[in-house]
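The values are calculated or read from the model by the stated rules, or taken from the named source; none is laboratory data. What you see is a predicted model, and the numbers here were worked out from it, not measured in a lab. Here the Cβ positions follow ideal geometry from the backbone for every residue, glycine too, while neighbour counts run over all protein chains shown.
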């Protein structure tokens, strides 16, 4: 019999246990020869009168397997003879007021396929990894290109209308990602959740890869293969609230065990969820262990934490007050994760202006190393929705972001949230006819790729599809057989390669020395230009936000010499009007925009251009 020490229980109760998955849940017990002789089940339910097992191996007759309370603080355990791997089970919780609850194992590693909700005994150990090169050689992200492909796995690609398994989608996914040049994938939540339409954001199994797409080791294989091809993996994670479905963590032992006792703080009416209470040590240990688990067993390279505003403020409302317990836990979590791997990506989806979200804990920050720049996303999309004739009245939507661009370490997201619920796809948000929509789309992405900050784009937006994302079907891959979308796809591939191969576009994303405005105040003509710097490179970005063509336009530049156009979104190979700068531009001496030299490029209609200084 495996003993659970007072030390383990005390760590758990005090919010300091980062491997609670090793003491709770179901585990196969092996003898000295490695043979399985029994299966144990351990659960924490301090307010339960009695805990039983209902399972395949007892014909779902709970009276056959009553757990023993092995610790006075509320730990229950039972050992069932034999190897019960793959057997379905739940905990039957008997409360002191006479209720009987049937609960999925909070620490279970595998479940039945929805709509069934039982846990399955699963041996999570013994996967043989082949990603050692990636795990050893991957670098800190700060001065590297980071181009993230946000994916909902179940609707990226399908097989006869049904979900493809982790190990079925892997080769096509790798081939596609590498053909474009993404550095990372970010999966919408792939831990267990009961409803497809929740996209994974209302979880019930925080230690279980969703069975929709296969087994946990199939998911390990997917990550392993991505790593072998040099592609990082980020998991989307809901940290602050839990699904209220009866079989889940909510009211696990008949009481609000992990969530707030106070209904006003517990009830998240907007999402129909329960908010977790991080003043409770068990809640901190649960989530600390969950995020450790995916690092240790699945080799994930980062987390994007959803709805951080609801962690910083109670119910996301600053008028209710700061949730200091949640902030303290985020700091604890940051210290722990970066202690395990200082190359980790720990990203906040945060719409607040709360200070120092991406500053280290030891200098008073919350401890994320990246934050989604929701202000950039909202301002830029509002600007681009305007008819070009009106853009001069919204000039500050482009310039304002640079006022605070270096206060935090930002990711610039065009995420799934922007292409659902009648918001339209990125290309379909754009004004004008088909030609103008696509020209605006290319112009938008040129601004996005060249602006300070790392990059994230939701799937399907890379080929300018016009349909909103629909979770119930795969992407509109058929569009890639049509010339206009082939050309947009080519543009995005070229844009991604320019980004990845020009350090000026990423080395100093978080340092003002990497950016300088050239043209910032030409409101009348809606032209912008700025310079990006690295240690060894200078690039000049020019954005013409109207359909007006400028045969020459004077742009101040920092160095005398030659400037070569390396990207122009108006080329005919991208469906543009082909107003580009085919020859190198030589500087003219003269004060322009605060610089002592200037170039005179041609500006095509609704065109984004990137020029490289040639030494």
Item checked: Check on residue 150, more than 20 Å from residue 292 (Cα to Cα), assigned to a loop (DSSP other than H, G, I, E, B), touching a residue at least 24 places away in the same chain (Cβ under 8 Å) and touching a strand residue (DSSP E or B) at 6+ places or on another chain (Cβ under 7 Å) -> no
Checklist line | Of all residues making up the stretch 158-195, the number that are part of a loop (DSSP other than H, G, I, E, B) and either more than 21 Å from residue 480 (Cα to Cα) or free of Cβ contacts under 8 Å to residues at least 24 places away in the same chain (or both) | finding: 9
Notebook entry, point to check: Is it the case that some residue within the stretch 582-593 is touching a residue at least 60 places away in the same chain (Cβ under 8 Å), assigned by TED's automatic domain parsing to the domain that holds residue 549, farther than 23 Å from residue 480 by Cβ and within 40 Å of the chain's Cα centre (by Cα)?
Noted result: yes
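Does the stretch 531-560 hold any residues that are touching a residue at least 60 places away in the same chain (Cβ under 8 Å) and part of a strand (DSSP E or B), and which are they? Spell out how you get there, then give the answer.
In the first step, residues of the stretch 531-560 are kept if they are touching a residue at least 60 places away in the same chain (Cβ under 8 Å); the result is 532, 537-547.
532, 538, 539, 540, 541, 542, 543, 544 - these are the residues of the stretch 531-560 that are touching a residue at least 60 places away in the same chain (Cβ under 8 Å) and part of a strand (DSSP E or B).
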Next item on the list: Would you check if residue 413 is touching a helix residue (DSSP H, G or I) at 6+ places or on another chain (Cβ under 7 Å), surrounded by 16 or more Cβ atoms within 10 Å (Cβ to Cβ) and not in a helix (DSSP H, G or I)?
Entry: yes
Next item on the list: Kindly indicate whether residue 37 is at pLDDT 95 or above, buried (at least 16 other Cβ atoms within 10 Å of the Cβ) and either in contact with a helix residue (DSSP H, G or I) (Cβ under 6 Å, 6 or more places away or on another chain) or not assigned by TED's automatic domain parsing to the domain that holds residue 288 (or both).
Entry: no
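Let's see how each residue does on (1) more than 25 Å from the chain's Cα centre (by Cα); (2) assigned by TED's automatic domain parsing to the domain that holds residue 51; (3) assigned to a strand (DSSP E or B):
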{"position": "251", "(1), (2), (3)": "yes, no, no"}
{"position": "257", "(1), (2), (3)": "yes, no, no"}
{"position": "261", "(1), (2), (3)": "yes, no, no"}
{"position": "264", "(1), (2), (3)": "yes, no, no"}
{"position": "271", "(1), (2), (3)": "no, no, no"}
{"position": "274", "(1), (2), (3)": "no, no, yes"}
{"position": "282", "(1), (2), (3)": "yes, no, no"}
{"position": "293", "(1), (2), (3)": "no, no, no"}
{"position": "296", "(1), (2), (3)": "no, no, no"}
